Each structure stands twice: as C-alpha cells, then as structure tokens.
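Asks: Have a look at the structure that comes next, please.
The values are calculated or read from the model by the stated rules, or taken from the named source; none is laboratory data. Bear in mind the structure is a predicted one, so any value in this text is a computation, not a measurement. For neighbour counting, all protein chains shown are included, and Cβ atoms are generated from backbone atoms with ideal geometry for every residue, glycine included.
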Amino acid sequence: MKVDKIWFNCRVATLANPAEPLAVTDNAAIAMRDGKIVALDSSERLLAAYQAERVVDLQGRLVTPGLIDCHTHLVYAGNRAHEFELRLAGANYADIANAGGGIASTLKATRAASADELLQQSLPRLDRLLAEGVTTVEVKSGYGQSLESELKQLEVARELSSHRLVSISPTLLAAHVVPPEYKADPEGYVSFVCDELIPAAIAAGKVDAIDGFCEHIAFTPPQIARIFSSAKQRGIAVKLHAAQLSNDGGVQVAAQYRALSADHLEYADDAAVAAMAASGTVAVLLPGAFYCLREQQRPPVALLRQYGVPIAVATDANPGTSPLTSPQLAMHFACTLFGLTVAEAFSGMTIHAAKALGQATEIGSLEVGKYCDLAIWDAERPAEIIYQMGFNPLYRRVWRGHEST
Ligand code: NIG
Ligand code: FE
C-alpha cells in the first residue's frame, strides 16, 4: 500500500491507553497519508507493508502526539509589566482590576490596535508555543467586548493558522470584563452579548465555543447562565473560567450547560467536582496563573481523580495573570505545584486537552485515523521533557503530516 511518509526507528508514546498513557513502544514506525495516521507498527512490519514517498529514520528518538494548548489568550496588544511590579509591591489581582487595570487595561490597548498590529504582536507568542511541540492552540477573544473589537480578535486568531503550520480553535470570550460603556449596566452588557455579539461572531466565521469569566470581579452565575443559554440555542459549545478566586457556583452553571471544560478551579469543592463528573466536563488546570498570582489554594486534584474527571493542563497565555508561553513549563508547574504525575501532565496537554476542545476523535493521541500531529523529542522518556526548566528537547514538529524544522 502507498503512503506519503513513514517515520521509523522511533520510540512512541501514543497516549491512547488511559490505563498506561505513557507506555513507550521501542522500534516503532508511523505511516501517514493525506495528513492522517494510517498505520502504527514495528519498524520492520510497517516498512515491509507500505511504500512511502519519503522515509525518515528517527534514530531512536521519542515521538508523542503534538501538544495541545487548550486555554490561551494569545491575541492581545501591549503588556502588563507594570502590574507585575505593582503586585510585587503588594497589590493583588482584584485590587488592580477594581482600580481599572487588569483585563480592562488590555482591553483598551487591544481596541486601539489594528488587526495587523495584533497579528504581528501575537505571532511571536505563537512561535514560542510551536517551538515546544504545540500543534493545536485554542485562542480566546475577550479583550474587545465590543462587536468590532471582538470580531477583530477572532479574525486575527483564525488568521494565525494561515501564517504557521498549526490548528487554531477560536473561542468567543464574550463575558470577560464589563466594558467601560456598560459600567453602570452589566445586565445590559449581558443582553448585548446574548442578542448581538454571539450571533455576529458565529456569522463572521468559525467559533468553536463561547467562554465567560464567572467571578466576583467579573460576571455572576445567573449572568453566565443567560449567555450559555444563548450559546446553546445556537448550537454552540460552552466553557467557563470558574472558581479561580472564589467558590461562587460557576462550576455548577458550567456543568448544567454541559460545558466542554471548566477552567482554573482552585476553589472548586466536592459538589462542583461531582457536577463536572456528571456532565462530562473536563477540568483545565492553569498553573501559570496560580504561580503568578502567588495563590495558596490549589485545585482539588484528589477530588478530580476520585470522580474520574479528565484533567487538562494549559498555559493560559495572557498578559496579566499568566504571561507564560511555555507548555513544558505549564506541565512542570502542574507537577510541582499541583502534584500531578508526569502521565497526568502529559495527558493534560494531549488527549485530555483534545477532550476539552471537543476534538478527541481527531487529535490528542497517536491512533490510526487521527491527524498526524507529532512532537519528536531528543529524549528517551517523557519525564525528561517535563522535569527540565528552560531546556527544550524538541527535535521536530509535525502538523497534519507536514514537518517543520
Ligand atoms: O485566565 N481569569 C480571567 N482571565 C484570564 C486573565 C486575563 C487577564 O488578566 O488579562 C485568566 O487568568
Ligand atoms: Fe484564561
């Protein structure tokens, strides 16, 4: 049988077996046709059964699924280095937000930027992710909160994939912050989101999900419920920033609307985790934000395990709470700060991240029929990729069968 390409003589961790996600098979080979995996087998058997236009000897290197960063705010203008200094001097995130800084200050800069400026500022951040083996990135809007500015962010997010070999999953973060023109009328802003922003964003192009920020400094559970019901009426998936700074019932709203994921979760309790388990909602842990905000309350990892809730890990790349564009460091922090095992952290940026995006039948593990998105590492064991800080063992990245150097 003819295929486009074969990679052989590699050690493969497929992430396909939940009982042993990081089991490594020696002397393995992968065959690709039309961007998809068509066979996985021993090098001898696969080379005997298939003829390929190109055959690559990986000389014993480790191959894993391409990494998936399932929660980022990659498209924004400016930076918030000043707030970093304020926090070092004692201010906290909520103080800064209440004084008009935080998300509102990035909103101002992002509204003022042209689409091209946004693209030029976002591409270097995307490149950092790709350099560490990422092949799919979720990108949220949420620094516009007006029709024009949210659509501009979504358009730039989609455009990223015409400049790089990567899949982008665009999310409308409709309710991130109440914009200045609605300060006195948050309910009016929620109505605008439900009646105008969501339909316009869907009409303008691909939007994979609707997101919100449920928190005392952002939106209430009933406001989020209004937005989710508008999204669901239009057949679009939802996800939520929930229980990051307090336990306000946001997780239960996410579960009620069968959210793909609930993200952050530091303050989620037993009832919240039980609700997630019942609704099949993935827990997305964001240790970069936990670290930068010097939080003390850890997400309930033991409960998530006990209830069998899939755990994903993401960078949360954003200018305020998590200026982190290293998926390897996100996995490292998930292990050192939250107590995840290496297998949990790696599943968190592959198969469980795919679940959090609703794309687990297409990406996230190396299986016949899935897209051929690979990360090829100069490493023997997956733990080597995670335990080092600031050292990048990526050898090559493959997106839909295309190899980038
Ligand atoms: O995921 N929690 C809210 N949203 C972002 C922060 C964005 C910002 O501060 O600009 C987060 O941490
Ligand atoms: Fe976020």
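Asks: List pairs: first residue in region 101-117 and charged (D, E, K, R), second residue more than 16 Å from ligand 2 (Cβ to nearest atom) anywhere in the structure, Cβ distance under 6 angstrom, at least six positions apart or on different chains.
Replies: That search, which allows pairs on different chains as well, returns Arg111/Ser149.
Asks: Still on this model: How about region 295-315: which of its residues are touching a strand residue (DSSP E or B) at 6+ places or on another chain (Cβ under 8 Å), over 14 Å from Val251 (Cβ atoms) and assigned to a loop (DSSP other than H, G, I, E, B)?
Replies: Pro310, Ala314, Thr315
Asks: For region 273-288, what are the residues that are assigned to a helix (DSSP H, G or I) and buried (at least 24 other Cβ atoms within 10 Å of the Cβ)?
Replies: The initial filter retains those residues of region 273-288 that are assigned to a helix (DSSP H, G or I), namely 273-279, 287-288.
Result: Val273, Met276, Pro287, Gly288.
Asks: List every residue pair whose Cβ atoms lie under 7 Å apart, where the two residues are 6 or more positions apart in sequence or sit on different chains, the first residue falls within region 312-323 and is within 18 Å of Ala157 (Cβ to Cβ), and the second residue, located anywhere, is within 11 Å of ligand 2 (Cβ to nearest atom) and small (Gly, Ala, Ser).
Replies: Matching pairs, first to second residue: Thr315/Gly288; Thr315/Ser322; Asp316/Gly288; Asp316/Ala289; Asp316/Ser322; Ser322/Gly288; Ser322/Ala289.
Asks: Criterion first (of a type in the set (S, T, N, Q), touching a Phe, Trp or Tyr at 6+ places or on another chain (Cβ under 9 Å) and either surrounded by fewer than 20 Cβ atoms within 10 Å (Cβ to Cβ) or not in a helix (DSSP H, G or I) (or both)) does Thr321 satisfy it? So that I can check it myself, show each step before the final result.
Replies: Working: of a type in the set (S, T, N, Q): yes; touching a Phe, Trp or Tyr at 6+ places or on another chain (Cβ under 9 Å): yes; either surrounded by fewer than 20 Cβ atoms within 10 Å (Cβ to Cβ) or not in a helix (DSSP H, G or I) (or both): yes.
When the stated conditions are applied, Thr321 passes them.
Asks: Against the definition (at pLDDT below 95 and away from ligand 2 (no atom under 16 Å from the Cβ)), how does Pro222 come out, yes or no?
Replies: For Pro222, the condition - at pLDDT below 95 and away from ligand 2 (no atom under 16 Å from the Cβ) - is not met.
Asks: Just to be sure I understand the filter: pairs with C-beta atoms under 7 Å, separated by 6 or more residues or on different chains, first member in region 27-53 and at pLDDT 95 or above, second member surrounded by 17 or more Cβ atoms within 10 Å (Cβ to Cβ) and part of a helix (DSSP H, G or I). Which pairs pass?
Replies: That search, which allows pairs on different chains as well, returns Asn27/Ser43; Ala28/Ser43; Ala29/Ser43; Ala29/Leu46; Ala29/Leu47; Ala31/Leu46; Ala39/Leu46.
Asks: I've got another one for you. Does region 372-395 contain at least one residue that is in contact with a strand residue (DSSP E or B) (Cβ under 6 Å, 6 or more places away or on another chain), over 30 Å from Ala104 (Cβ atoms), of a type in the set (Lys, Arg) and surrounded by fewer than 22 Cβ atoms within 10 Å (Cβ to Cβ)?
Replies: No - not one qualifying residue is present in region 372-395.
Asks: Right, something else. For Glu83, state whether it is touching a residue at least 60 places away in the same chain (Cβ under 8 Å) and within 16 Å of ligand 2 (Cβ to nearest atom).
Replies: On the way: touching a residue at least 60 places away in the same chain (Cβ under 8 Å): yes; within 16 Å of ligand 2 (Cβ to nearest atom): yes.
Yes; evaluated as a whole, the condition is true for this residue.
Asks: Take the residues in region 210-242 that are within 16 Å of ligand 1 (Cβ to nearest atom) and among the small types (Gly, Ala, Ser), then tell me which one is surrounded by the fewest Cβ atoms within 10 Å (Cβ to Cβ).
Replies: Residues of region 210-242 that are within 16 Å of ligand 1 (Cβ to nearest atom), as a first pass: 210-221, 223-224, 227, 238-242.
From the residues that got through so far, the ones that are among the small types (Gly, Ala, Ser) too are 212, 218, 242.
Working: Gly212: 31, Ala218: 22, Ala242: 35.
Top of the filtered list is Ala218.
Asks: Tell me which of these Phe346 doesn't satisfy, since it passes every other one: (1) in a helix (DSSP H, G or I); (2) away from ligand 1 (no atom under 16 Å from the Cβ); (3) out of contact with any Ser or Thr (no Cβ under 9 Å at 6 or more places or on another chain).
Replies: Only one criterion in (1) in a helix (DSSP H, G or I); (2) away from ligand 1 (no atom under 16 Å from the Cβ); (3) out of contact with any Ser or Thr (no Cβ under 9 Å at 6 or more places or on another chain) is unmet by Phe346, namely (3).
For every residue, the table says whether it meets (1) more than 26 Å from the chain's Cα centre (by Cα); (2) within 16 Å of ligand 1 (Cβ to nearest atom); (3) surrounded by fewer than 19 Cβ atoms within 10 Å (Cβ to Cβ).
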| position | (1), (2), (3) |
| --- | --- |
| Pro18 | no, no, yes |
| Asn27 | yes, no, yes |
| Leu46 | yes, no, no |
| Val55 | yes, no, yes |
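Asks: Further, regarding this structure: Check region 74-81 and report whether any residue there is of a type outside the set (Ser, Thr, Tyr) and under 30 Å from Lys5 (Cβ atoms).
Replies: Of the residues in region 74-81, the ones of a type outside the set (Ser, Thr, Tyr) are 74-75, 77-81.
Then drop every residue that is not under 30 Å from Lys5 (Cβ atoms), which leaves 74.
The answer is yes; a qualifying residue exists.
Asks: For region 197-217, enumerate the residues that are at pLDDT 95 or above and within 16 Å of ligand 2 (Cβ to nearest atom).
Replies: Taking region 197-217 and keeping what is at pLDDT 95 or above, we get 197-204, 207-215.
Across region 197-217, the qualifying residues are Asp208, Ala209, Ile210, Asp211, Gly212, Phe213, Cys214, Glu215.
Asks: Pull up region 114-173, narrow it to residues that are at positive phi and within 16 Å of ligand 2 (Cβ to nearest atom), then point me to the one that is nearest to the chain's Cα centre (by Cα). Break it down into steps so the answer makes sense when it comes.
Replies: Here is the first cut: in region 114-173, the residues at positive phi are 133, 142, 145.
With within 16 Å of ligand 2 (Cβ to nearest atom) added as a condition, the list becomes 142, 145.
Numbers: Gly142: 15, Gln145: 21 Å.
If we take residues in region 114-173 being at positive phi and within 16 Å of ligand 2 (Cβ to nearest atom), then Gly142 is nearest to the chain's Cα centre (by Cα).
Asks: Checking Gly348 against (1) surrounded by fewer than 18 Cβ atoms within 10 Å (Cβ to Cβ); (2) under 22 Å from Ser169 (Cα atoms), only one condition comes out false. Which one?
Replies: If we test Gly348 against (1) surrounded by fewer than 18 Cβ atoms within 10 Å (Cβ to Cβ); (2) under 22 Å from Ser169 (Cα atoms), just (1) comes out false.
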